[in-house]
Amino acid sequence: MIKKLTFGQYRSKDSFLHSLDARIKIICVVILGSLSFSVNSKFEIVVFSLFMLYTVLLSKMSLSELIKNLRPFYFVFIFLLLMYLIFSRNQIILGLGYIWRFLMLIIISVLLMYTTTIQELIAAIEKLSKPLKLFKIKPRNIAVMISVAVRFIPLMFIRFERTREAMASRLADFRKIRHVKLLVLNLLEKMLKSASNLSDAMHSRLYNENIESRKVIELKIQDYLSIAVIAMLILVIY
């Protein structure tokens, strides 16, 4: 599991999505995430699904990589499906719709992290957060917090699997509440320790929240093209 874990990991490739400005990708993620909860008819769902499939192809992500990125969420999909089968069997179509929306959201976030480096992500969030300075909110703090949170997601899965395997080797039975509680507490302790180490590292490197990125980011032809494509998608769906 640890060796195969790819969720939230960047892959350097020569693809259309990799060449896009990170700011445009973040804006597109927000728009597509909103659209996934707005589509209702079968036509809209088919159009949106085909668009997402085409986007995956543009990122040059292989099918095996996509499956590996979705693997940590299989349990959630199965759990949601079972809940509808057991308690709301007459609303199974509605349940499948919500599972599809959740799947689309995950794929959208996976594509963002797959095609964007952490440095690009921080710079883009910082640039997009500049209007918040009017409310005395510092953009660099927001950018760093979001980027750290994103990087902690795969780390959490790795810590979880290592802790589970260690407890299983000691004959832990996860059907018992006591052992599940120990698993959660151990995982929480390790995550808090990692957060503390990160805080110490940032402090030792003299992190300054008042320093802003001065990197000049210019939009290119492909960025304007992607905006036009998203606009066309909105027109088709609505």
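The values are calculated or read from the model by the stated rules, or taken from the named source; none is laboratory data. What you are looking at is a predicted structure, and each value in this text was computed from that prediction instead of being measured. Reconstructed Cβ throughout: ideal geometry from the backbone, glycine too, with neighbour counts over all protein chains shown. Note: accessible area is taken over every heavy atom of the protein model, side chains too, but ligands, DNA and RNA are not part of it. Shrake-Rupley method; radii C 1.70, N 1.55, O 1.52, S 1.80 Å.
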(message) Looking at I99, I26, I106 in this structure, which one is among the β-branched types (V, I, T) and modelled with pLDDT under 90?
(response) I99
(message) Looking only at segment 61-76, how many residues end up being over 14 Å from the mean Cα position of the chain (by Cα), surrounded by 13 or more Cβ atoms within 10 Å (Cβ to Cβ) and either outside any helix (DSSP H, G or I) or at pLDDT 85 or above (or both)?
(response) 2
(request) Report, ordered by the first and then the second residue, all pairs with beta carbons closer than 6 Å, sequence separation of six or more or different chains, a first member in segment 104-127 that is more than 16 Å from F51 (Cβ to Cβ) and open to solvent by less than 30 Å² (accessible area, probe 1.4 Å), and a second member that is at pLDDT below 85 and among the β-branched types (V, I, T). (result) I125/I146
(request) Report, by residue number, each residue of segment 17-60 that is open to solvent by 30 Å² or more (accessible area, probe 1.4 Å), of a type in the set (D, E, K, R) and out of contact with any Asp or Glu (no Cβ under 8 Å at 6 or more places or on another chain). (result) R23, K42, E44
(message) Name the residue that is most open to solvent (accessible area, probe 1.4 Å), counting only residues in segment 161-173 that are in a helix (DSSP H, G or I) and among the charged types (D, E, K, R).
(response) R162
(message) Suppose we filter segment 102-157 for residues that are more than 30 Å from E189 (Cβ to Cβ), among the small types (G, A, S) and in a helix (DSSP H, G or I); how many remain?
(response) 2
(request) Confirm whether S88 is without any contact (Cβ under 8 Å) to a residue 24 or more places away in the chain, small (G, A, S) and open to solvent by 60 Å² or more (accessible area, probe 1.4 Å). (result) no
(request) Looking for whichever is within 23 Å of H203 (Cβ to Cβ) and open to solvent by 70 Å² or more (accessible area, probe 1.4 Å) here; the options are K176, K190, K133, K181. Which one fits? (result) K190
